[in-house]
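Derivation of every value follows stated rules applied to the coordinates shown; laboratory data play no part. As the structure is a prediction and not an experimental result, all values here were calculated from the model. Virtual Cβ from ideal backbone geometry, glycine too; neighbours counted across all protein chains shown.
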Amino acid sequence: MKLDRRKALLVAERDFRDAAGDLRLALAMAGLALVIPIAAGSGIRALVVFGGGLSDLVQRVSIVGAFFVVFLPASYSLVLALESFVGERERSTLEVLLSTPLKEAEIYVGKVASVLAISLFLCFGALIVYCTVTFPGLGYFPLGVLVSLGVSTICQVAAMVAGAVIVSANARTMRAANVMASFIILPMSVVLQVEAALILVGRGEFLWGFAAAMAVGALILLRMGLGGFSREALLSRETGAKGLLGRARRAVAGAFRDAPGGLRLLRARLAPILASLAAFPVGAVLGYLAAGALPGRVASPVLSALLRSSGRADPASMALWVFAHNLLAILLAGLLASVTIGLTGYLLTALPGALVGYAAAVSSWSLALTGILPNGLIEIPVAAIAGGLAIHIGASAIHMEPEGGWTRRLLGAQAELAKALLWLAPLLAIAALLEAYVTPRL
Amino acid sequence: MLQVYRLAKRYGEVWAIRDVSLRLEAGSTLVLLGQNGAGKTTALRCLSGLLLPTSGRVLVGGKDSRLEPDAVREQIGLVPEVPGLYDRMPARSYLDFFGRVYGLDPGTRARRIERLLELFDLAEAGDRWLGSFSKGMRQKVALIRATLHRPPLVLADEPTSALDPDSAHVAWRYLEELRAEGAALVVCTHNMAEAQQLAGEIGIMSAGRLLAVGELPELVRAAGLKKHREVVERPTLEEVYLAIVGNGVEHEARPA
């Protein structure tokens, strides 16, 4: 998409001036961004002076303090973004902006840049104030943790802003947007608490993992926000919620009716199915390598428990157990696909692959493969097909289009898996019978 | 300048406009009349490239709103029903911002802004925040903003509804000036007297359909009023409107 940076900058400049021009809001934000770090830093210094010196616990609390100090201004980004998108929409100023030759991407980028600039200025301002008050003279400075905090803050703010844009596409009023914003602020506060817990238990190295996850989340949300920010989505009128239940029922029935079946489905979803299939050998290699890295005392109890739970004396009940287990795995993969952005679709084949690889490492490839044949000849393709459809569900969940239709596409993807289960389930039953009656005899 | 072929727009399961066709040459005016919910605002949004048609085509200056939406919007000045101004911006800065959005050079921007602020009696208030402006003043600013880049097509949704008679007169005179310079005007209004005075052509909308379009004498004929009253006096636009909407059937005043 072509983007005129000067025009995006023009929008950003106007929004920045508008936000900064609200003196009461600007003073409140700047005040809190100053007062809270000073108070928190002073508290840490008081702990050092009156609590018996710079203990390990005080050091960790000082780092946790930095996370909380940054979180507050970061949460302003949500307020500013909602105001910039939903507020403008409510006051009809967005309609005027959209009636100009500006591209949606220029308006989107300009607005996001403006909110990011203000929020990050406040976040890093607060962090600098906190560090200035807290650390001088203490004899330590947790640079690595603070850098990871800085990176994850940028991504956190970007994720919140992008989330707010997605909210704005689905909320007509600020009141509705504020309620929907809970879906953004709650997960973010959970992330903050987990980060704080990690610091307190001395596992600060995991913070980089959080920063990376935040970066991925922010990129996905920004892409979704850009996809969903369209004149059509923002200005089309709602026709009300009359007969909502009936409409939902019709939508589900329609999705199920329209979902392709059989070979047509396989052709349509060939790419994700192949991706899921490729996860099997990748999992096998990782499982093989893991056998060298994982000590036997860690892996053995897990594998023994797995074998115990699957070991049924009676072949009929074993077949039933295997069938129920495989079906449940596919159902869970499908249900969780939309919230894991399709990761469960890869896991559906990668985990069995990892088990085979691990078994091969501790015995031999021929022995490990014998253990999954001939049932694996059916189970693995079935898992790859179901996994591919789960990957497609995840992709639908993170894809927005200017014309809207997110719910319809997600429902359609879920209907494809549900419809495919009609013929995948019998195949799983055959595989389970093979596993119970034939495989043990080979 | 404007060609509309069988335009239709649906929101969910509701058709806001259906089968609207019309044609407007440069330097001419079309007044759209219709009760609330008739589809006038949706029609303007589709004509301005804000919304994509569910079916049908809109061509502005030969450009298709679906294929070249940016090029279409460059040729349009939209005065929406709600002025939609930034309250925490002075009028001059606000107009300057939109001048920059439309790519006007600094000299042209400054010249046009000052001239139009003078024309609409806003020069003194030009440095005040727009939030302090009265409803009428806001509507004037919206009109200036929409026409600052001298668009060849002006779409105005009740542009004088909040103006006092003097200001309304200035606004109509200004629109007339734009028309005389070659701009095509599409104006939605409820004010029959203004419509009658302004209109070259009049379109009557009801329940999302364009029931009739044509000049007043054509509409009078289409409404079937002339045979009753041609000798006594000419029917008013209001009578024509009520007759056409009251019948609820489409009249072929002139092929749209």
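Obtain the nm distance between the two label points defined at A:Leu9 and A:Leu320 by a simple spin-label model: each point lies 7 Å from its Cα along the Cα-to-C-beta direction.
7.2 nm
Which of B:Thr42, B:Thr160, B:Gly203 sits farthest toward the positive end of the charge dipole of chain B, with +1 on the Cβ of Lys and Arg and -1 on the Cβ of Asp and Glu?
About the Cα centre, the residue reaching furthest to the positive side is B:Thr42.
Percent of Cα-Cα pairs per 10 Å bin, from 0 to the last occupied bin, for chain B, please list those.
P(r) for chain B, in whole percents per bin: 7, 30, 34, 21, 7, 1.
So what are the stretch A:135-254's ellipsoid semi-axes, whole angstrom, largest first, if each one is the square root of 5 times an eigenvalue of the alpha-carbon gyration tensor?
Semi-axes from the Cα gyration tensor: 39, 15, 13 Å.
Among the listed pairs A:Lys2/B:Lys40; A:Lys2/B:Lys63; B:Lys9/B:Lys140; A:Lys103/B:Lys9, which have their C-alpha atoms separated by more than 24 angstrom in this model?
Correct reply: A:Lys2/B:Lys40; B:Lys9/B:Lys140.
Please report, in debye to the nearest 20, how large the charge dipole of the stretch A:73-132 is about its Cα centre when each Lys and Arg carries +1 at its beta carbon and each Asp and Glu carries -1 there.
Result for the stretch A:73-132 is approximately 100 debye, rounded to the nearest 20.
Output wanted: per-residue J couplings in Hz (rounded whole) for the stretch B:113-118, from phi through Karplus 6.51 cos²θ - 1.76 cosθ + 1.60, θ = phi - 60°, x for Gly and Pro.
My calculation for the stretch B:113-118 gives 4, 5, 4, 6, 4, 4 Hz in order.
About its Cα centre, how strong a charge dipole does chain A have in debye, to the nearest 20, once Lys and Arg get +1 and Asp and Glu get -1 at the Cβ?
Details: 34 positive and 23 negative charges, 153 e Å.
I would put it at about 740 debye.
I'd like the orientation of helix A:56-82 relative to chain A: the angle between its Cα long axis and the longest Cα principal axis, in ° from 0 to 90, rounded to 10.
With rounding to tens, the tilt is 80 degrees.
List the residues, sorted by chain then number, that are 5 or more residues from B:Val79 or on another chain and whose placed amide H is less than 5 Å from its amide H.
B:Leu155, B:Ala156, B:Asp157
Using only Cα atoms, tell me the angle between helix A:23-50 and the longest principal axis of chain A; keep it within 0 to 90° and round to the nearest 10.
Approximately 80 degrees, to the nearest 10.
Going by alpha carbons, how many degrees (0 to 90, nearest 10) lie between the helix axis of A:296-310 and the longest principal axis of chain A?
For helix A:296-310, the angle is close to 60 degrees.
For A:Phe16, A:Phe280, which order do you get if you count the other beta carbons within 10 Å of each Cβ and list the fewest first? Show your work: numbers first, answer last.
Numbers: A:Phe16 18, A:Phe280 25.
With the sparsest Cβ surroundings first, the list reads A:Phe16, A:Phe280.
Looking at B:Leu95, B:Leu59, B:Val72, which one has the Cα that reaches farthest to the positive end of the dipole of the stretch B:1-105 (charges on Cβ: Lys, Arg +1; Asp, Glu -1)?
Checking the options against the dipole of the stretch B:1-105, the answer is B:Leu59.
Could you work out the equivalent-ellipsoid semi-axes for the protein assembly as shown, taking the square root of 5 times each eigenvalue of the Cα gyration tensor, largest first, in whole Å?
Value: 60, 39, 17 Å, ordered largest first.
Enumerate the amide H contacts of B:Leu33 below 5 Å, restricted to partners 5 or more residues apart or on another chain; note that Pro and chain-start residues carry no placed amide H.
Hits under the 5 Å cutoff: B:Gly203, B:Ile204, B:Met205.
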